[in-house]
Structures are given as C-alpha cells and as structure tokens.
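The values are calculated or read from the model by the stated rules, or taken from the named source; none is laboratory data. Computed from a prediction, not measured in an experiment: that's the story for all the values here. With ideal geometry, Cβ positions are generated from the backbone for all residues, glycine too; neighbour counts draw on all protein chains shown.
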Amino acid sequence: MTYLLVFLASVAADVCWTMYFLEVGKARAARAATWSALIVACGAFSIVEYAHDPKYILAAVFGCWVGTYGTMKWGKK
C-alpha cells in the first residue's frame, strides 16, 4: 500500500512540476506559485516515506516518469 501511495504522490508532484514550468513560461505568477506550493505538498509525502525505507525510491522514480509523461501528452491535446 505504501508503495502505491509513494507512486501516486510522485505522479502528482511531477504533474505539478510540469504545470509549474508551463505557467512560468506563460508568465502567470499566481498560477506558478500555486503549482509550486503543490509541488512541496505532494513531494513531502514521498520524501518522508523513502527516507525511512529506500525500497520506495523506485516507486518515486517510476511515479515521476509517469507524471511528467502523462502531463506532457495531455498538454499536447
């Protein structure tokens, strides 16, 4: 269960990162700041979990890949 939660938190964090960069590119300060705050909120869970047990790093890595890839594909539509 923790593995899945770390994966999902990492997906969410990378969605936030991707959206953050898109908003920065459009010079939308308030939206970029909101995504930045969400990055910290989503990422904090993953970091705490894999700091206690390194086996969750793989879940975080895979989640990051899925989050960025999915957001980029969605953004092209």
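So the values come out like this:
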| read-out | value |
| --- | --- |
| Residue within the range 16-38 that is of a type in the set (D, E, K, R) and either under 14 Å from the mean Cα position of the chain (by Cα) or modelled with pLDDT under 90 (or both) present | no |
| Residue under evaluation Ile47, criteria (1) under 10 Å from the mean Cα position of the chain (by Cα); (2) within 18 Å of Val66 (Cα to Cα); (3) of a type in the set (A, V, I, L, M, F, W, C), criterion not met | (1) |
| Thr34 being of a type outside the set (Asp, Glu), in contact with a helix residue (DSSP H, G or I) (Cβ under 7 Å, 6 or more places away or on another chain) and in a helix (DSSP H, G or I) | no |
| Which listed residue, of Val6, Val48, is surrounded by fewer than 13 Cβ atoms within 10 Å (Cβ to Cβ), assigned to a helix (DSSP H, G or I) and not small (Gly, Ala, Ser) | Val48 |
| The range 9-31: number of residues that are closer than 17 Å to Ile57 by Cα and either part of a loop (DSSP other than H, G, I, E, B) or among the basic types (Lys, Arg) (or both) | 0 |
| Test: residue in the range 19-29 that is surrounded by 14 or more Cβ atoms within 10 Å (Cβ to Cβ) and among the small types (Gly, Ala, Ser) | no |
| Residue satisfying condition, being among the aromatic types (Phe, Trp, Tyr), closer than 27 Å to Thr2 by Cα and surrounded by 18 or more Cβ atoms within 10 Å (Cβ to Cβ), within set Trp35, Trp65 | Trp35 |
| Failed criterion for Val61 (all others in (1) modelled with pLDDT of 90 or more; (2) assigned to a helix (DSSP H, G or I); (3) not basic (Lys, Arg) hold) | (1) |
